[in-house]
Amino acid sequence: MTYVNALEQFLTASICIVLLYNFLTTVLFCFQKELLFEKKKIQIGQKILLILTLIAFGIYLFTAKTIPTDLFILPWIWGFLASHLFIVRKNRWLNELLGLGMLLAITIILFFKQTEIIQTVFDVEMYRIKYEIVGAYVSLGFVLGALFWTKSA
């Protein structure tokens, strides 16, 4: 296993673990708040893991010659996870479960149609503008995550 393959595995596993945990806490909090309590150590661990994932993804972008198109979705997921973990609002616009459902629906659409969307909008191949795609996915994921899927105080 090469260095780049190890980074791919770390990125995928860490994003999936944080997403799965937050998905389960959202579902359990919406149905029965007594089942699961937010623990401060778990929140700090998730924030540290997200920061490490961002650093690892930056290293991966600069060292990998080509990036598989299915890994381009990870910055989008990272963006809305980061907004969920770092932003706490007094009033939410949507129910937390509904907001998460909307973000996951957008994620599924992007996963299957991102190549066509990017080639239609930019008229170039994805590997030529990989930095712009990652920046746009992180920022758009963070903004939409802050609007749709934030924790309440």
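Select, from Ile118, Ile67, the only residue that is part of a helix (DSSP H, G or I) and farther than 15 Å from Asn22 by Cβ. Spell out how you get there, then give the answer.
Details: Ile67 fails: part of a helix (DSSP H, G or I).
One residue alone meets the criteria, Ile118.
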Could you please give the count of residues in the range 92-136 that are of a type in the set (Ser, Thr, Tyr) and in contact (Cβ under 8 Å) with a residue 40 or more places away in the chain?
3
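Determine if the range 95-109 includes at least one residue that is part of a loop (DSSP other than H, G, I, E, B), modelled with pLDDT under 80 and over 23 Å from Ala13 (Cα atoms).
Yes, the range 95-109 contains a residue that is part of a loop (DSSP other than H, G, I, E, B), modelled with pLDDT under 80 and over 23 Å from Ala13 (Cα atoms).
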Extreme residue, nearest to the chain's Cα centre (by Cα), among residues of the range 101-153 that are loosely packed, with under 11 Cβ neighbours inside 10 Å and under 18 Å from Ile87 (Cβ atoms):
Ser152
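The values are calculated or read from the model by the stated rules, or taken from the named source; none is laboratory data. What you are looking at is a predicted structure, and each value in this text was computed from that prediction instead of being measured. FYI the Cβ positions are ideal-geometry reconstructions off the backbone, even for glycines, and counts take in every protein chain you see.
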